[in-house]
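Only one structure is covered here, and it is reproduced in the block below.
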Amino acid sequence: MVLVQKVSKLYRLYRRPADRLRELLPGVAPAHRDFWALRDVTFEVERGETLGLVGPNGCGKSTLLQMVSGILQPTMGRVVTRGRIAALLELGAGFNPEFSGRENVYLNGEIMGLSRAEIDRAMPSIESFAEIGDFIERPVKEYSSGMYVRLAFSTAIHVDPEILIVDEALAVGDAVFANRCVRKFQELRERKITVLFVSHDLGLVKQLSDRAILLLGGRIEAMGAPNDVINRYIGLVLEKQAPETERRERVRSSFRHGDGTSEIVGIHMLNARGEETASIASGEPVTVRVSARFHRAVSNPMVGILVRTRIGMDVYGTNTVLEHTDLGDFEAGQLLEVDFGIECWLTPQQYTLTAATQNADGSSHDWLDDAIAFDVVDTRVAAGVANLRAKVEWRASR
């Protein structure tokens, strides 16, 4: 369990090192400026829950994890943790570069309170997961960044932590190692291990997290379902990139963003009979109809759709440019209606539909995340998201 209550962290920033000493003299005006890395951050993580932290660089994510790990103390507020913590906060943190990989595993395990016998039992699993071969006997200063993180992550997850904290460490691993880590995270969830992790891979946050927190300027901007929090994050990023005049005019919504050149006024999913529906048979032809009204004149706009799973994984997306459809010129006040005809070869589960109108350069007029939800039904069960309708043939011989 992790409890963070009204936590704030203040740093004093000086222009020159000598200003620290000068400030101690009586009668001298302060020579620093205050920087609040975190302000009034409050949340709780239950046992076995996986919490993802997202936000731009400098928003306080790493500072927060360091305080949960006990490396930093908050200026105000308190952090309470219950259980053994294993933290992977930066590449090679806690490794002695002169020691071999094996020696560093023993060192880290003993720091975590494990006995020599317990580390001996875990060592074969650590070596197998890290897959660095004979380099386990070499000094870690000879390791590549990928070897560093593989051994560090393998050590962290095999010392029987009750709380695992990971700060963007998986970004340097290759695809095979990343997939192995994803499976390990899922195994840790089944074992009721509490996990806090930071990642700029928003798809990974959607896939692994039970909840997510968006930090912005040291404060919690959003907290809740990973899909909703990430949609909010993307919307805020795009809003920040827009010119100030456009930001004042745009449509305001938690999961809606754009410069307001056009406004989506309708999104409908129609079955083969032209009836609006929220339930579709696998393989059934459907029409996604997007209606938009223009508030300013524009040339060659673009309309797109995106299908996602319930947990936010992108399944299929297209737009009028990809489909080689030129929409021409529009005046303010005109209404546009675009139909996307698709055959819905998806596996039975719930999906959401996102729609957008955009400029030719990809910047958004109006973007609506997960505007409608729909279910795909089928008598056949299949794994994944694509229904490839396999045909099975078999034969026996002596």
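The values are calculated or read from the model by the stated rules, or taken from the named source; none is laboratory data. Just so you know, these numbers come straight off a predicted model, no measurement behind them. Here the Cβ is made from the backbone with ideal geometry for all residues, glycine too, and neighbour counts use every protein chain on show.
The requirement of being part of a loop (DSSP other than H, G, I, E, B), modelled with pLDDT under 95 and either out of contact with any helix residue (DSSP H, G or I) (no Cβ under 8 Å at 6 or more places or on another chain) or outside the structural domain of A297 (by TED's automatic domain parsing) (or both) is not satisfied by A371.
Among the listed residues L388, L335, L368, L327, identify the single one that is crowded, with 16+ Cβ neighbours inside 10 Å, of a type outside the set (D, E, K, R) and over 23 Å from the mean Cα position of the chain (by Cα). Working first, answer last.
Values: L388 fails: crowded, with 16+ Cβ neighbours inside 10 Å; L335 fails: crowded, with 16+ Cβ neighbours inside 10 Å; L368 fails: over 23 Å from the mean Cα position of the chain (by Cα).
That would be L327, the only listed residue that is crowded, with 16+ Cβ neighbours inside 10 Å, of a type outside the set (D, E, K, R) and over 23 Å from the mean Cα position of the chain (by Cα).
Picking from residues in region 75-97 that are touching a helix residue (DSSP H, G or I) at 6+ places or on another chain (Cβ under 8 Å) and of a type in the set (G, A, S), the one that is modelled with the lowest pLDDT is G92.
Rundown of residues vs (1) modelled with pLDDT of 90 or more; (2) of a type outside the set (A, V, I, L, M, F, W, C); (3) part of a loop (DSSP other than H, G, I, E, B), yes/no style:
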residue: L170; (1), (2), (3): no, no, no
residue: F177; (1), (2), (3): no, no, no
residue: H200; (1), (2), (3): no, yes, yes
residue: V205; (1), (2), (3): no, no, no
residue: A212; (1), (2), (3): yes, no, no
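Considering region 374-385, the residues that are modelled with pLDDT of 85 or more and assigned to a strand (DSSP E or B) include one that is surrounded by the fewest Cβ atoms within 10 Å (Cβ to Cβ), namely D375. Of all residues in region 54-71, those satisfying the criterion of being among the aliphatic types (A, V, I, L, M) and at pLDDT 90 or above are V54, L64, L65, M67, V68. Taken over region 364-398, residues that are farther than 14 Å from R308 by Cα and in contact (Cβ under 8 Å) with a residue 40 or more places away in the chain amount to 10. Do we have any residue at all in region 154-164 that's surrounded by 15 or more Cβ atoms within 10 Å (Cβ to Cβ), assigned by TED's automatic domain parsing to the domain that holds L65, part of a helix (DSSP H, G or I) and touching a Leu at 6+ places or on another chain (Cβ under 8 Å)? Yes: region 154-164 contains one or more residues that are surrounded by 15 or more Cβ atoms within 10 Å (Cβ to Cβ), assigned by TED's automatic domain parsing to the domain that holds L65, part of a helix (DSSP H, G or I) and touching a Leu at 6+ places or on another chain (Cβ under 8 Å).
Filtered by the rule that a residue be among the charged types (D, E, K, R) and closer than 19 Å to A152 by Cα, region 53-111 gives R84, E90, E98, R102, E103, E110.
Filtered by the rule that a residue be of a type outside the set (S, T, Y) and either buried (at least 19 other Cβ atoms within 10 Å of the Cβ) or out of contact with any Gly (no Cβ under 8 Å at 6 or more places or on another chain) (or both), region 140-153 gives V140, K141, E142, M147, V149, R150, L151, A152, F153. In the set T357, T325, T287, T379, only one residue is of a type in the set (S, T, N, Q) and closer than 30 Å to L204 by Cα; that residue is T357.
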